[in-house]
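S.K.: Take a look at this one; I'll ask things after.
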């Protein structure tokens, strides 16, 4: 019972860490070596499958979670490495493993599928809010601008979010997302992993907005 309790607490925490990894690790790696970042998917999947097959208890669950994370990692590497000036490609590329994830919900890979789908939902909501609030239009200009001009453009985009209507959209979306996370949290261990991934998306987006305003170079977008 104690082991199950520790596992129930640790898996959501691991999900939180995996959602934040792309912000601090993948973003600079993709800028410097996109192919290397994309190929890192192979050892991620290999480690995940090895742990799933040979691990016991928490280690096996960690392996399954890593397989789900590898899908998000590869999608992010492909987009930010080669398609970053085209925001309309963002969600389709991130969703490349959607059929596999949906099928995985009824298999022993349910945990991996739940993490991937929660991360994808967070991405879809973020892109949707950006489009509705009018911020999406800044995206191609920011990522294509010369390095010396990009920080000012990113700060301008962040300032646009603070206008009354965009800010209302952001706050309302964040509140609804947290309600969904609360409902998921009450549905058991695997749903808690999805809830943790979604909730962390809200926090990471907030940190991204803060970084864009105060220290654009640390935001990971430029």
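S.K.: Is there a residue in the stretch 39-51 that is surrounded by 20 or more Cβ atoms within 10 Å (Cβ to Cβ), touching a residue at least 24 places away in the same chain (Cβ under 8 Å) and either more than 30 Å from residue 173 (Cβ to Cβ) or in contact with a strand residue (DSSP E or B) (Cβ under 9 Å, 6 or more places away or on another chain) (or both)?
M.R.: Within the stretch 39-51, one or more residues are surrounded by 20 or more Cβ atoms within 10 Å (Cβ to Cβ), touching a residue at least 24 places away in the same chain (Cβ under 8 Å) and either more than 30 Å from residue 173 (Cβ to Cβ) or in contact with a strand residue (DSSP E or B) (Cβ under 9 Å, 6 or more places away or on another chain) (or both).
S.K.: Would you mention how many residues in the stretch 141-155 are exposed (fewer than 15 other Cβ atoms within 10 Å of the Cβ) and in a helix (DSSP H, G or I)?
M.R.: Residues meeting the conditions: 2.
Conditions tested, residue by residue: (1) touching a residue at least 40 places away in the same chain (Cβ under 8 Å); (2) in contact with a helix residue (DSSP H, G or I) (Cβ under 6 Å, 6 or more places away or on another chain); (3) surrounded by fewer than 18 Cβ atoms within 10 Å (Cβ to Cβ); (4) more than 24 Å from residue 12 (Cβ to Cβ).
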residue: 69; (1), (2), (3), (4): yes, yes, no, no
residue: 79; (1), (2), (3), (4): no, yes, no, yes
residue: 92; (1), (2), (3), (4): no, no, yes, yes
residue: 136; (1), (2), (3), (4): yes, yes, yes, yes
residue: 139; (1), (2), (3), (4): yes, yes, no, yes
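S.K.: Assess whether residue 150 counts as being touching a residue at least 60 places away in the same chain (Cβ under 8 Å) and within 21 Å of residue 205 (Cα to Cα).
M.R.: In short, yes.
S.K.: I'm checking my understanding of the structure. Among residues of the stretch 174-222 that are farther than 29 Å from residue 145 by Cα and either assigned to a loop (DSSP other than H, G, I, E, B) or in contact with a strand residue (DSSP E or B) (Cβ under 8 Å, 6 or more places away or on another chain) (or both), which one is modelled with the lowest pLDDT?
M.R.: 188
S.K.: Do the conditions hold for residue 111, that is, is it assigned to a helix (DSSP H, G or I) and under 30 Å from residue 167 (Cα atoms)?
M.R.: no
S.K.: Report, by residue number, each residue of the stretch 81-98 that is under 15 Å from the mean Cα position of the chain (by Cα) and outside any helix (DSSP H, G or I).
M.R.: Passing the criteria: 95, 96, 97.
S.K.: Looking at the structure I just gave you, is residue 101 in contact (Cβ under 8 Å) with a residue 60 or more places away in the chain, assigned to a helix (DSSP H, G or I) and in contact with a helix residue (DSSP H, G or I) (Cβ under 6 Å, 6 or more places away or on another chain)?
M.R.: Taking the combined requirement at face value, the residue does not satisfy it.
The values are calculated or read from the model by the stated rules, or taken from the named source; none is laboratory data. These figures come from a predicted structure and were not determined experimentally. Neighbour counts run over all protein chains shown; Cβ positions are idealised from the backbone, glycine included.
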